[in-house]
Ligand code: PEP
Ligand code: MG
């Protein structure tokens, strides 16, 4: 198998009928970087910047942040990298963060963009480090756990202020800055067109989105087999997002665990996703599926079954049957 995957690295990332799908990898630490070449990823679709904070015993200094971001971009050698601003809080606690509070529902609590907008010094330092590290290159930045569009506007103000500050001091700025939002909170599903217009790209965080759509704690093993990520309602949600991206000419990608399992990656591609990001070990198996996938047939399958699954069968069973038949 490993040999097969290695061979596949040289092959174009296209379906059997020639449609390109970018397979990117998730990363978060410098040790992940060699995987970029080893796995044959098209880039880093999700760089979890909070990992540097989680392995440290105090807040990483601005210089250390900048160095990591620069190393990541250097290792990517021009392949796209999407940095996510720190996603701490919830289950990702920093023992040295004195401002942390006890919460009854941490997943619904003071975390991610909510926390960093309330502690803008953290965000400003990180954004400045990113802007400096990306001098002369493109900066792709995304915000975790966005709930309201106002949060994007607030973050944009902070970014703009840092850009003005650095340009006043004649710093080498990024050639372009693309700002994206992670779609993880269902409130955004009811304002998809406005969301798509407010950002340069959207990245679906399917781990959190599934948790919040189904009201199921993502870490609770008692519940982990109860609800299916390939159930019709969740797939319809994912399709609405992909359609809104096409309608608004806003690139949409997905970077949760769903992207890394061949059967679910197949479903995502059938629903319209043309860029997905996963753990590096999944790239080989997903690419093996991709190159064998007759996409037109899968699109026809979804047109027939997504709103009315054949024989009332679970979508997973139908998708499995589709895959087995081919
Ligand atoms: C997600 O929620 O799907 C995601 C990619 O972010 P994380 O797993 O880091 O919460
Ligand atoms: Mg998430």
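Throughout, read-outs are computed from the coordinates displayed, never taken from laboratory work. No experiment lies behind these values; they were computed from the predicted model shown. Here the Cβ is made from the backbone with ideal geometry for all residues, glycine too, and neighbour counts use every protein chain on show.
Convex hull of alpha carbon positions in the stretch 217-326: directionally averaged projected area 7.6 nm². The smallest convex shape that holds all Cα atoms of the stretch 3-56, its convex hull, gives 78 Å³ per residue. Each eigenvalue of the Cα gyration tensor of the stretch 147-282, multiplied by 5 and square-rooted, gives one semi-axis; in descending order these are 31, 16, 16 Å. Going from the residue with the fewest nearby Cβ atoms within 10 Å to the one with the most, 116, 85, 125 rank 125, 85, 116.
In the chain, the DSSP beta bridges split such that about 5 percent are antiparallel, to the nearest 5. Here the stretch 182-207 is scanned for amide nitrogen atoms under 19 Å from the site 7 Å beyond the Cα of residue 91 along Cα-to-Cβ, giving 183-186, 204-207. With one equal scatterer per alpha carbon and no solvent term, the Debye-computed log10 I(q)/I(0) for the stretch 46-87 at 0.13, 0.24 1/Å reads -0.27, -0.85.
The share of Cα pairs per 10 Å bin across the chain, counted from zero up to the longest distance, runs 5, 26, 34, 24, 9, 1, 0 percent. Along its principal axes, the stretch 32-175 has C-alpha extents of 44, 40, 30 angstrom, given from the largest down. Using the Cβ-Cβ distance between residue 102 and residue 225 with R0 set to 51 Å, the FRET efficiency from 1/(1 + (r/R0)^6) comes to roughly 0.95. Taking 144, 294, 262 as the candidate residues, the one with maximal mean-square fluctuation in a Gaussian network model of the chain, Cα springs under 10 Å, is 294. The alpha carbon centroids of the stretch 229-256 and the stretch 81-120 are separated by 26 Å. Given R0 = 35 Å, the distance between the Cβ atoms of residue 300 and residue 11 translates into a calculated FRET efficiency of 0.90. For the stretch 122-170, the Kirkwood radius over C-alpha pairs fed into Stokes-Einstein at 37 °C and 0.692 mPa s yields D = 284 µm² per second. I'd like the FRET efficiency for residue 324 and residue 175, computed as 1/(1 + (r/R0)^6) with the beta carbon distance as r and R0 of 41 Å, rounded to 0.05. So, using R0 = 41 Å, E works out to roughly 0.30. By other beta-carbon atoms within 10 Å, ranking 13, 231 with the fewest at the front produces 231, 13. Helical content alone sets the calculated 222 nm signal of the chain at -13500 deg cm²/dmol, taking -39,500 (n - 2.57) per DSSP H segment of four or more residues and averaging over every residue.
Working note: Debye formula, equal point scatterers on the alpha-carbon atoms of the stretch 48-122, no solvent; log10 I(q)/I(0) at q = 0.25 Å⁻¹ is -1.24. For the stretch 1-121, DSSP calls about 25 percent of its internal beta bridges antiparallel.
Multiplying each eigenvalue of the alpha-carbon gyration tensor of the stretch 111-192 by 5 and taking the square root yields semi-axes of 25, 14, 10 Å, largest first, rounded to whole angstroms.
Taking Cα atoms only, the orientation of helix 232-248 departs from the longest principal axis of the chain by about 60 degrees. Helix 295-305 versus the longest principal axis of the chain: what angle, 0 to 90°, nearest 10, using Cα atoms? Helix 295-305 sits roughly 80 degrees off the main axis of the chain. Helix 280-291 axis versus longest C-alpha principal axis of the chain: approximately 40°, rounded to the nearest ten.
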